[in-house]
1. In sequence order, what are the phi-derived ³J(HN,Hα) couplings for the range 117-128 according to the Karplus relation 6.51 cos²θ - 1.76 cosθ + 1.60 with θ = phi - 60°, rounded to whole Hz, with x for glycine and proline?
2. Would you kindly derive the ³J(HN,Hα) couplings of the range 94-101 from the backbone phi angles with the Karplus curve 6.51 cos²θ - 1.76 cosθ + 1.60 (θ = phi - 60°), listing them in order in whole Hz, with x for Gly and Pro?
3. Counting only pairs 8 or more places apart or on different chains, how many lysine pairs in the chain have C-alpha atoms closer than 20 Å?
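What follows draws every value from the coordinates through simple rules; no lab data is involved. Treat the numbers as computed from the prediction; the structure is a model and nothing was measured.
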Amino acid sequence: MTPKPEQTTAAGKPGAISCHTCGAQVAVVRSVRLRQCVSWRPDPNVIDDQNHRAHLQYARNMQFRRAFICQACYAVLASNGYGVGAVRTTTGETKEYNLSGESRGDKAAVYDYAKWLRYQKRTAGKMGLGFDG
Ligand SMILES: [Zn+2]
């Protein structure tokens, strides 16, 4: 999920962008397509229909989506041929993510706050939302 600009300002650091994967407040991010690595197995104790719905949700979660991540997270995820790595969040959790192939190899665009804010406003406009940024 893309961080909301008002949350960034509320964090007390105007001009900072929240990293999607670790939560750090940074000045520059990389625009990537990624997904969080989660596992799923059918539950043998529930009826097939529930497993079917659970699998549909799992499949939706496994789609690559656009996100903005900090340079440190990008270095971790883009440093191997698979684009897979573990990120430690600012709350102490460890989460695994997978970068899409198009985002690896230093190909992800660099966004500073002004560029990121323009993207947020454009996206909000496409969704028919007002944006008081
Ligand atoms: Zn990060």
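1. For the range 117-128, the Karplus-derived couplings read 5, 4, 4, 4, 5, 4, 5, 4, x, 5, 8, x Hz, x marking Gly and Pro.
2. With the stated coefficients, the range 94-101 comes to 10, 10, 9, 10, 10, 7, 5, x Hz.
3. Lysine pairs meeting the criterion: 8.
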